[in-house]
Amino acid sequence: MDMKVAVLADWPRSEVVGGVQVHTVNLVRNLAKMNDLEIYVISFGEASEVYFEGRAKIVSMKNRRIYRFLPILSMIKVAIEVDRIKPDIIHIQGSYRVPYLLYVLLLAPRRYKKLMTIHGIVGIETQFDEKTSTIGKFLGTFLEKIAIARIPNLIVCSPAVKALLNEYQKTDSRFHVIPNGIEFEDTQTIKNVELHHPNVIFIGRLTRVKGVDVLIKAIPLVKEVIPNIHLYIIGSGPMENELKEIVKSMRLEENINFLGVVSDLEKFSYLKSADICVLPSFYEPFGIVLLEAMACKTAIIASDVGGIPYVLGDGEAGILFKCGDVDDLAKKIILLLSDERKRKELADAGYKRVKVFTWKDVALSTKKLYTRLVCERK
């Protein structure tokens, strides 16, 4: 069955930033390989242009300043571009971008099937965001709830997100669990880099929700048993200066290195060279970095929240610690750094499990859902 799909999402013109863009880019690239799908991406960018990413057509609209004050204009612009395509399905990536969301809620014709992928729960994530105003948090949560109530089909990345959403929308049958993925082959030829051992690594945005401060505070406890422990922190974000001050106040400059933002190639090199990858998040819908670590055969320690237990097979492919518990995290790091055999067992289990999380499979599952929705209409 030939289908036209309009994906509403911010498309990166150069560097891919954040989990939503990683998901969107990889999903679109894999969907575009299917001969019976026509994929269009409608996005706001720095310039008005149309270009191709493989077989996917990217329609970029210039993001004008006036749209910030008159969002109805950006909504109308989206409507014009979608109407030119006349898609069978409109697939919006998250409820974060107001122009796309308002178009789907207010202007999109009923003849188009509507689908939204929920990448995170705004009501939870903004609790950890000190920069978002109270009214901003309220509006974000309000729009998210309306979107979940009004958009008939919703994709979530893990059963944990589905369960949380069901708490305020008792509509279980509308939620479809399709996980994130990884381009598994990309990690096979990556070379190692020289790091101090023993070590642990963190990769992600330096924000409150990621719990990097918990990991830093665990290092002195680990250091009592393993004096030459090293922590490598990869990423940037609003908490970077605060975290560096914590390191300085605890006199851990010799043990903790901030490496900033690195390329994908460098990221995988660091992961392959690390003894342990730690994800200490307070909230995590999925955790793509877990897949990346598993593909690199790196042992994992992660907090027991959100979609993390699902990704790790309820502890089969990694060790879980009590969220926010510095002592428990330190104990788990000491345990794993002191047991090379256990690290290898977890790394092997993770490597085996990650093979079920490929972007090709994600695209196939998404296409099956598209087909089902279009057939329902007929």
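Values in this text are rule-based calculations from the coordinates and carry no lab data. Bear in mind that the values here come from a model prediction, so they are computed numbers and not experimental data. Because the Cβ atoms are built from the backbone with ideal geometry, glycine has one as well, and the counts that use them run over all protein chains shown.
A few remarks follow.
- Under the Karplus curve 6.51 cos²θ - 1.76 cosθ + 1.60, θ = phi - 60°, whole-Hz ³J(HN,Hα) for the stretch 224-236, x wherever Gly or Pro sits: 4, 9, 10, x, 9, 5, 10, 10, 10, 10, 10, x, 9
- The stretch 222-378 shape via C-alpha gyration tensor axes, a/c threshold 1.5: prolate
- Inverse mean reciprocal Cα-Cα distance (Kirkwood Rh) of the stretch 104-239, Å: 18.7
- Each part gets one Cα centre, and for the stretch 24-101 versus the stretch 344-378 those centres are 23 Å apart.
- VAL177 long-range amide H proximity, modeled H, under 5 Å: VAL156
- Extension gain (nm, one decimal) between VAL50 and PHE128, 0.36 nm per residue minus Cα-Cα: 24.4 nm
- Each distinct pair of alpha carbons in the chain adds a 1/r term; the inverse of their mean, the Kirkwood radius, is 21.8 Å.
- Cα→Cβ-extended label distance, 7 Å offset, between ASP83 and VAL177, nm: 4.1
- Length available on full extension from LEU73 to ASP339: 0.36 nm per residue minus the Cα-Cα distance, which gives 89.8 nm.
- With a simple spin-label model that places each label point 7 Å from the Cα along the Cα-to-Cβ direction, the separation between LYS331 and ALA163 comes to 2.3 nm.
- Within the listed set LEU165, LEU195, LEU154, the Gaussian network model of the chain (springs between alpha-carbon atoms below 10 Å) gives the highest mean-square fluctuation for LEU195.
- FRET efficiency for the ARG150 to ARG251 pair, using the beta carbon distance and R₀ = 41 Å, is estimated at 0.15.
- The alpha-carbon of LYS57 sits under 24 angstrom from the alpha-carbons of these lysines, leaving out residues fewer than 8 places away in its chain: LYS4, LYS33, LYS77, LYS86, LYS113, LYS114, LYS360, LYS367, LYS368.
- Segment GLU185-LEU259, extension gain: residue separation times 0.36 nm, minus the distance between their alpha carbons: 24.1 nm
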